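Here's the structure we're looking at; comments come further down.
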Amino acid sequence: MGQDFYQILRGLRLKATPKRIAMLEILDAERGYLSPEDIWKRMRKQFGRLGLPTVYRNLEGLYGGGVISRVIHPNRQLYYYLCRNEEHHHHFICISCRRVEDVNFCAEKELQDAVTGGIKGKVLSHILQINGLCFTCLQKEGTARAY
């Protein structure tokens, strides 16, 4: 797995440092999203002294390179998720258990038509994140009422 990450980082012209590889491995082991603090706490077990700003900086670099996805939680905190699906898609985010699922649906043409025809603008990019509760969390007693 680490070799795969090594190649990804090299493709972005980023050094494949042990810390970056560890960060990607931590994200890869999760089915859900993690906060920078979650990642920092896990990495400190392996690396000892490690600054939280270093984790933030590396996460943003990996996000900017398209290696990881950013999750914007309703609490306005940023979280991160490693998605290996290279096709254009969006994500369903369970705000209870942190599970992330691919949604292979996009209304890009309809959005472009609405922007072009409605406000005479041009779409350069778009981000769609769907927040909700997964089936498992919906089945839990009282979870649906909590949100």
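Return yes when ARG44 is in a helix (DSSP H, G or I) and either among the charged types (D, E, K, R) or in contact with a helix residue (DSSP H, G or I) (Cβ under 8 Å, 6 or more places away or on another chain) (or both) and no when it is not.
Numbers: in a helix (DSSP H, G or I): yes; either among the charged types (D, E, K, R) or in contact with a helix residue (DSSP H, G or I) (Cβ under 8 Å, 6 or more places away or on another chain) (or both): yes.
Answer is yes for this residue.
Residues of the range 28-41 being closer than 15 Å to ARG70 by Cβ and in a loop (DSSP other than H, G, I, E, B), which ones?
Result: GLU30, TYR33, SER35.
Sort out which residues of the range 1-48 are on the phi < 0 side of the Ramachandran plot and among the small types (Gly, Ala, Ser), and write them in order of number.
Within the range 1-48, GLY2, GLY11, ALA16, ALA22, ALA29, GLY32, SER35 meet the criteria.
Just to be sure, is LYS41 loosely packed, with under 13 Cβ neighbours inside 10 Å and out of contact with any Pro (no Cβ under 6 Å at 6 or more places or on another chain)? Show your work before the answer.
On the way: loosely packed, with under 13 Cβ neighbours inside 10 Å: no; out of contact with any Pro (no Cβ under 6 Å at 6 or more places or on another chain): yes.
Judged against the criteria, LYS41 is not a match.
For the structure I just gave you, tell me whether CYS97 is at pLDDT 90 or above and touching a helix residue (DSSP H, G or I) at 6+ places or on another chain (Cβ under 6 Å).
Numbers: at pLDDT 90 or above: yes; touching a helix residue (DSSP H, G or I) at 6+ places or on another chain (Cβ under 6 Å): yes.
The answer is yes for CYS97.
Yes or no: THR17 loosely packed, with under 14 Cβ neighbours inside 10 Å and not assigned by TED's automatic domain parsing to the domain that holds HIS126? Write out each step before concluding.
Values: loosely packed, with under 14 Cβ neighbours inside 10 Å: yes; not assigned by TED's automatic domain parsing to the domain that holds HIS126: yes.
Answer is yes for this residue.
This table checks each residue for (1) within 13 Å of the chain's Cα centre (by Cα); (2) farther than 30 Å from LYS19 by Cα; (3) without any contact (Cβ under 8 Å) to a residue 24 or more places away in the chain.
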residue	(1), (2), (3)
SER35	yes, no, no
PRO53	no, no, yes
CYS83	yes, no, yes
GLU110	no, yes, yes
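The values are calculated or read from the model by the stated rules, or taken from the named source; none is laboratory data. Only a predicted model underlies this, so the values are computations on that prediction, with no experimental measurement involved. All Cβ positions, glycine included, derive from the backbone under ideal geometry; neighbour counts span all protein chains shown.
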